[in-house]
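The values are calculated or read from the model by the stated rules, or taken from the named source; none is laboratory data. These numbers were taken from a predicted model, which means no experiment stands behind them. For accessibility, only protein heavy atoms count, side chains too; no ligands or nucleic acids. Shrake-Rupley method; radii C 1.70, N 1.55, O 1.52, S 1.80 Å.
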Amino acid sequence: ARMVIHQTWAYDSTSTHRDFHRYDHNQQKMYASIVDAVRKSSKLTKIKMVIPSGTAIQNARTTLLKDKITRDGYHLHKTYGRYVAACTWYEKIFRKNVIGNTYKPEKMTAEEQLAAQKSAHAAVKMPNKVTIIKHKK
């Protein structure tokens, strides 16, 4: 067994969560706070493996998935948001590039699948920085 830290995600920019005011209702501020807290937690606990789900979610928000990531402004959408997080866990734990993995939820298009996989892959490569995911037409 190995301990890991799961980096959570920032709320949607339009979230009505009662605690969003702590970040001035600013998604980027919340994301930066999460990255900082996880970095400090990793150092303090000496847990080296961080699953950058929060960064993957931010990456996915730059894709066609942007409005499909959460179901209520803060909980991950059961198909799209959870798939992005699962892809991140898969790639980080198994050290295998998730891009091209054939599994996808039933309701997800191939284009959405690729956006989710690219978001996760970029997060594993650069866990503390948002990557704008390019969409090929």
When we measure straight from the Cα of Lys78, which aspartates and glutamates land under 16 angstrom away, once same-chain ones fewer than 8 places off are left out? Asp12, Asp67, Glu106, Glu112
So, relative contact order of the stretch 1-113 in percent, Cα under 8 Å, 6 or more apart, is 26
Which labelled figure in [x] 15.0; [y] 16.7; [z] 15.7 is Kirkwood radius over Cα pairs in Å, once derived from the coordinates: [x]
Most fluctuating residue of His25, His121, His17 in a GNM of the chain with Cα springs under 10 Å: which is it? His17
Which residues qualify? For Thr70, with a placed amide H closer than 5 Å and at least 5 residues away or on another chain, they are His77
Provide the per residue accessible area, probe 1.4 Å, for the stretch 20-137, rounded to a whole number of square angstrom. 59
Please build a GNM for the chain, connecting alpha carbons under 10 Å apart, and tell me which residue among Lys118, Lys107, Lys48 fluctuates the most. Lys107
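In the stretch 1-100, what percent of the accessible surface is made up of carbon and sulfur (1.4 Å probe, ligands and nucleic acids excluded)? Numbers along the way, then the final one.
On the way: 3020 of 5770 Å².
Carbon plus sulfur share of accessible area: 52 percent.
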Cut-off under 5 Å, modelled amide H: who pairs with Val50 long-range: Ile5
When the convex hull of its Cα atoms is projected in every direction, mean area for the stretch 60-137 (nm²): 5.1
Listed residues Gly81, Gly54, Gly73, most fluctuating in the chain (Gaussian network, C-alpha, under 10 Å): Gly73
Mind checking which lysines have their C-alpha under 29 Å from Lys46, skipping anything on the same chain fewer than 8 residues away? Lys29, Lys92, Lys96, Lys118, Lys125, Lys129
Summing -39500 (n - 2.57) over every DSSP H run of at least 4 residues in the chain and dividing by its residue count gives a helix-only mean residue ellipticity at 222 nm, to the nearest 500 deg cm²/dmol, of -14000 deg cm²/dmol
Apply the Karplus parameterisation 6.51 cos²θ - 1.76 cosθ + 1.60, with θ equal to phi minus 60°, to every residue of the stretch 7-17 and state each ³J(HN,Hα) to the nearest whole Hz, in sequence, with x for glycine and proline. 7, 7, 10, 7, 5, 4, 5, 9, 4, 9, 4
